[in-house]
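See below for the structure under consideration.
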Amino acid sequence: MGGNGAGRRGQGRGGTRRGPGSGSTRLTRRGRILFWVAATFSALILAVAGVGAWVYTDLDNNIHAADVDNKLGGDRPANLSPGSKNILVVGSDSRDGANAKYGKNLTTMQSDTLMVVHIPADREWATVVSFPRDSWVQIPACEKGDGSTSAAHHFKINEAFSIGGSTGEVAGAAACTIKTVEARTGLRIDHFMSVDFQGFKGMVNALDGIEVCPEQPIHDKKAHLDMEAGCQTVDDEKALGYVRTRYSVGDGSDIGRIGRQQEFMEALAEKAQSKLTSPKSLYGFLQSATKSLTTDKSLAGIKPLYGLASELKGIPEDRLTFLTVPNYPRQADVPTDKANVMWQFPQAADLFTSLAKDREVGKGEKKDLEKAAKAPVYASKVGVRVLNGTGASGRAAAVAKELRDAGFTVTGTGNAPAEADKTGITYPQGAKSRARVLASRLPGTRAVPAADAEPGAVTLTVGKDFDGLR
């Protein structure tokens with residue numbers, strides 16, 4: 001998945017050196033569950049056991065709390081698995097202060113990394129789902145912080161953070177991102193954590209850098225990065241540039257960058273566990289980590305974070321799974337769009353449903369998703385005839401527009417023979433896989449074969465219960 005493709009004996013996929021030695025790191029599956037938050041969690045465990053009360057209070061006061069509850073409204077997914085937790089983690093690319101130089105002509109907050117950590121009720125396994133920042137999704141209406149509200153529209157998923165954070169308020173940015181993720185996945189988000197660029201640099205610096213081994217030179221003006229090929233220790237701006245670089249490495253995709261970020265943070269978490277033995281190093285690391293950390297109110301503090309970390313400690317290595325939501329280039333649906341990706345259905349919906357119901361998504365399920373990704377059914381290949389069964393004028397046209405925005409091909413619109421309370425999908429012989437793609441976007445809607453279905457098209461009868469696409 002990493003774009004720098006290490007591939008040499010003794011190195012990890014992302015070019016981080018494996019094996020013993022001064023300054024080196026070894027990538028293991030132990031670190032994958034933690035990613036951006038892992039380094040903080042690991043160090044917090046050390047901190048609670050090894051620092052004085054005044055340091056504890058000092059660090060505890062560093063963590064920012066954001067009140068998002070009153071910004072989310074009441075239209076949220078139900079918690080289908082009491083006791084489980086879904087934690088939204090954001091790598092924040094804020095444009096305030098020292099971060100201002102990262103991003104040309106950008107004045108709002110940006111989310112550079114986005115994922116959901118699912119912790120099951122029995123705490124015996126865990127799955128982390130990464131969302132490419134270029135995921136093309138519908139972003140719901142959100143409060144912008146200046147008294148206005150944005151209109152629902154399709155765009156890159158990371159825009160949600162900048163819409164809600166247009167005035168620099170993390171709570172608003174988090175709320176809009178939570179609303180977007182909940183609406184698109186059906187997962188109830190219980191907590192959120194946000195870590196910004198400056199905190200990341202401070203954590204790396206406290207560890208005296210992380211060794212990476214790119215197989216090709218990297219020269220990326222946008223990431224402010226110039227690196228030669230070969231193993232080298234990176235810290236400060238170079239470390240930040242390495243995890244941000246995209247267009248100058250591999251295939252230039254956000255998927256490749258996700259891979260590099262995962263591997264770099266695995267190395268950072270493991271080095272933190274082995275190196276932070278001196279009070280000075282530990283304190284410097286924790287100062288950077290906690291100052292850059294913003295969470296929801298219930299998670300804001302070393303004590304609740306330590307409790308969460310303690311729960312994660314007991315999860316076996318072979319039951320920690322890290323994956324990226326199944327996707328394909330949007331260019332397959334819109335030839336002119338070479339920048340974004342579409343989530344692959346029904347696989348993405350199956351993934352979200354499993355997590356919502358607290359069913360383990362492990363290594364076997366990950367392999368199945370990767371296999372399915374080799375033969376996606378593009379939304380544009382699903383022809384849909386839209387029939388209005390609501391009795392309300394113009395409903396078919398409105399739903400047809402929503403389908404087109406999501407990449408589907410609308411073959412026609414019309415009125416259903418009779419009004420329908422429930423939305424339904426029918427399909428002709430040979431169209432089952434295409435019908436499943438559409439049905440997976442409409443939770444609770446089944447696709448059934450019909451002898452009188454229009455040849456070559458899936459028929460969507462819009463009922464009075466229609467509440468939009470997932």
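The values are calculated or read from the model by the stated rules, or taken from the named source; none is laboratory data. Treat the numbers as computed from the prediction; the structure is a model and nothing was measured. No Cβ is skipped: glycine too gets one built from the backbone with ideal geometry, and neighbour counts run over all protein chains shown.
For region 407-470, which fully contained strands (runs of 3 or more DSSP E) count at least 2 residues that are surrounded by fewer than 20 Cβ atoms within 10 Å (Cβ to Cβ)?
Strands (runs of 3 or more DSSP E) meeting the threshold: 409-415, 447-449.
Looking at region 279-296, can you tell me whether even one residue there is modelled with pLDDT of 80 or more and more than 23 Å from VAL204 (Cβ to Cβ)?
Within region 279-296 (the criterion being modelled with pLDDT of 80 or more and more than 23 Å from VAL204 (Cβ to Cβ)), the answer is yes, since at least one residue qualifies.
State all residues of region 371-394 that are in a helix (DSSP H, G or I) and crowded, with 21+ Cβ neighbours inside 10 Å; if no residue qualifies, say none.
ALA379
Considering region 152-168 alone, what residues qualify as being closer than 15 Å to ASP134 by Cα, in a helix (DSSP H, G or I) and not aromatic (Phe, Trp, Tyr)?
Across region 152-168, the qualifying residues are GLU159, ALA160, SER162.
Which one of the conditions (1) of a type outside the set (Phe, Trp, Tyr); (2) assigned to a strand (DSSP E or B); (3) surrounded by fewer than 18 Cβ atoms within 10 Å (Cβ to Cβ) does ARG404 fail to meet, given that it meets all the rest?
Answer for ARG404: the failing condition is (2).
Being among the β-branched types (Val, Ile, Thr), part of a loop (DSSP other than H, G, I, E, B) and either outside the structural domain of ILE189 (by TED's automatic domain parsing) or crowded, with 18+ Cβ neighbours inside 10 Å (or both) is the filter here; which residues of region 330-370 pass it?
Across region 330-370, the qualifying residue is only VAL361.
With GLU311, GLU270 as the choices, which residue is among the charged types (D, E, K, R), in a helix (DSSP H, G or I) and in contact with a Leu (Cβ under 8 Å, 6 or more places away or on another chain)?
Testing whether each residue is among the charged types (D, E, K, R), in a helix (DSSP H, G or I) and in contact with a Leu (Cβ under 8 Å, 6 or more places away or on another chain) leaves just GLU270.
Can you tell me which residue within region 78-126, out of those that are at positive phi and touching a helix residue (DSSP H, G or I) at 6+ places or on another chain (Cβ under 8 Å), is modelled with the lowest pLDDT?
GLY97
Only residues that are exposed (fewer than 10 other Cβ atoms within 10 Å of the Cβ) and under 21 Å from the mean Cα position of the chain (by Cα): list them for region 70-86, please.
Residue satisfying the conditions is ALA78 alone.
Give me the residue from region 308-319 that is modelled with pLDDT under 80 and not hydrophobic (A, V, I, L, M, F, W, C) and, out of that set, surrounded by the fewest Cβ atoms within 10 Å (Cβ to Cβ).
Across region 308-319, the extreme among qualifying residues is GLY314.
Please work out if LEU305 is touching a Ser or Thr at 6+ places or on another chain (Cβ under 9 Å), at pLDDT 80 or above, crowded, with 21+ Cβ neighbours inside 10 Å and within 30 Å of LEU403 (Cα to Cα).
It is false that LEU305 is touching a Ser or Thr at 6+ places or on another chain (Cβ under 9 Å), at pLDDT 80 or above, crowded, with 21+ Cβ neighbours inside 10 Å and within 30 Å of LEU403 (Cα to Cα).
Go through region 371-398 and give me each residue that's out of contact with any Leu (no Cβ under 8 Å at 6 or more places or on another chain) and among the basic types (Lys, Arg).
LYS371, LYS374, LYS381, ARG395
Would you confirm, using the coordinates I've provided, whether ARG188 is under 12 Å from the mean Cα position of the chain (by Cα), surrounded by fewer than 24 Cβ atoms within 10 Å (Cβ to Cβ) and either in contact (Cβ under 8 Å) with a residue 40 or more places away in the chain or farther than 24 Å from GLY83 by Cβ (or both)?
No.
Could you tell me whether region 441-453 includes any residue that is in contact (Cβ under 8 Å) with a residue 24 or more places away in the chain, in contact with a strand residue (DSSP E or B) (Cβ under 9 Å, 6 or more places away or on another chain) and not hydrophobic (A, V, I, L, M, F, W, C)?
Looking for residues that are in contact (Cβ under 8 Å) with a residue 24 or more places away in the chain, in contact with a strand residue (DSSP E or B) (Cβ under 9 Å, 6 or more places away or on another chain) and not hydrophobic (A, V, I, L, M, F, W, C), one finds none in region 441-453, hence no.
Any idea how many residues of region 147-168 are crowded, with 17+ Cβ neighbours inside 10 Å and not hydrophobic (A, V, I, L, M, F, W, C)?
Qualifying residue count for the region: 8.
Does ASP421 fit the bill of being closer than 30 Å to ILE139 by Cβ and at pLDDT below 95?
So ASP421 does not fit the description; no.
Quick one: which residue in ARG395, ARG436 is in contact (Cβ under 8 Å) with a residue 40 or more places away in the chain and closer than 23 Å to PRO346 by Cα?
ARG436
Would you be able to tell me the number of residues in region 210-232 that are surrounded by fewer than 19 Cβ atoms within 10 Å (Cβ to Cβ) and not in a strand (DSSP E or B)?
Looking only at that region, the number is 10.
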